[in-house]
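Below is one structure, written out as C-alpha cells, with a few remarks after it.
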Amino acid sequence: GENVEQHPSTLSVQEGDSAVIKCTYSDSASNYFPWYKQELGKRPQLIIDIRSNVGEKKDQRIAVTLNKTAKHFSLHITETQPEDSAVYFCAVRSGGSNYKLTFGKGTLLTVNP
Amino acid sequence: DAGITQSPRHKVTETGTPVTLRCHQTENHRYMYWYRQDPGHGLRLIHYSYGVKDTDKGEVSDGYSVSRSKTEDFLLTLESATSSQTSVYFCAISDMRWGTSGIVYEQYFGPGTRLTVT
C-alpha cells in the first residue's frame, strides 16, 4: 500500500518567519494531496489541497508545491502567526483508490511570538 | 462542519466490554470512514464505507467491526474492548465533486470521540 513520510515531526519558528513541511509518497499513480490542520483538542481541518496535474497552489499565506518526479509535496506557510500553531498532516490518495487517504504522522508547528 | 456528529463524545469503559460508537451525517454523503488517532501514529484508517451495507477494512481493522444500514449512520463496534484501543476516534465523510482541475474527493472530519479502556 501507499507509504507517506512527513518531516519534520516538530518545527519551531519565530512569528513572521516561514515554515515548510515536506511529505514523500511511494505510489507514483497517486493523484490528490490534501493538507490538514489540527488544533489541540479539535478535529483535523482541510486547509489546502493539490491535484497531480498542478505543480503549485496558493491560498493567501499558505501554498502547496508538488514534485511528481521526486514524489514529494510540501506545505509552505509565510509570515507565520501564533494562531498557525497546530499539528499539520499531509495525506495522499493513491491512484487505485478513489476514496481512501493515507496520512503522514503529522508535524507539530509552534510559532513563537 | 459538513453536518457530521459523533456520539458519545467521551467514553470510559472496562476491558472486555463491547462498545459502539456512532457517526451521523445529515448531507447524504456516500463515503464514510472511521479513523483512530494516537500520538506518533497520525490518523490510521480502521474501516470505511462506500455505500449502504458496503464496507471494507482499513489498515488497522483487527478488533473492530462496522455497519452501515442507512446512508446517514456509520457504526463502529469494539466487540471486546482492550486497553490498546484507548484512542481518539474520528469519523469522516467524503463525496465526489468537480473542482477547477478535475474530480476531487475532499474528506471532512467529525468532532471525535475520546475512548478510554481501563
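The values are calculated or read from the model by the stated rules, or taken from the named source; none is laboratory data. Computed from a predicted structure; not experimentally measured. Here the Cβ is made from the backbone with ideal geometry for all residues, glycine too, and neighbour counts use every protein chain on show. The area values use the complete protein model at the heavy-atom level, side chains included, leaving out ligands, DNA and RNA. Shrake-Rupley method; radii C 1.70, N 1.55, O 1.52, S 1.80 Å.
Grab the strands (runs of 3 or more DSSP E) fully contained in the range A:1-104, keeping just those with 1 or more residues being open to solvent by less than 40 Å² (accessible area, probe 1.4 Å).
Working: elements: A:4-7, A:10-14, A:19-25, A:32-38, A:45-51, A:56-59, A:62-67, A:72-77, A:86-92.
Result: A:4-7, A:10-14, A:19-25, A:32-38, A:45-51, A:62-67, A:72-77, A:86-92.
Listed here are the residues, each with its yes/no results for (1) modelled with pLDDT of 95 or more; (2) within 14 Å of chain B (Cβ to nearest Cβ).
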position	(1), (2)
A:Ser9	yes, yes
A:Ser28	no, no
A:Ile47	yes, yes
A:Thr65	yes, no
A:Thr69	no, no
A:Gln81	yes, no
A:Thr110	yes, no
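Limited to the range A:83-99, what total is found for residues that are in contact with a Pro (Cβ under 9 Å, 6 or more places away or on another chain) and either away from chain B (no Cβ under 13 Å) or farther than 21 Å from A:Glu15 by Cβ (or both)?
The number of residues fulfilling the criteria is 5.
Go through the range B:20-46 and report how many residues are open to solvent by 20 Å² or more (accessible area, probe 1.4 Å) and of a type in the set (Val, Ile, Thr).
Number satisfying all stated conditions: 2.
Go through the range A:75-111 and give me each residue that's without any contact (Cβ under 8 Å) to a residue 40 or more places away in the chain and on the phi > 0 side of the Ramachandran plot.
none
Each row is one residue, and each column tells you yes or no for (1) open to solvent by less than 30 Å² (accessible area, probe 1.4 Å); (2) within 28 Å of A:Gly95 (Cα to Cα); (3) more than 10 Å from chain A (Cβ to nearest Cβ).
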position: B:Tyr48; (1), (2), (3): yes, yes, no
position: B:Ser65; (1), (2), (3): no, yes, yes
position: B:Arg68; (1), (2), (3): yes, yes, yes
position: B:Thr100; (1), (2), (3): no, yes, no
position: B:Gly110; (1), (2), (3): yes, yes, no
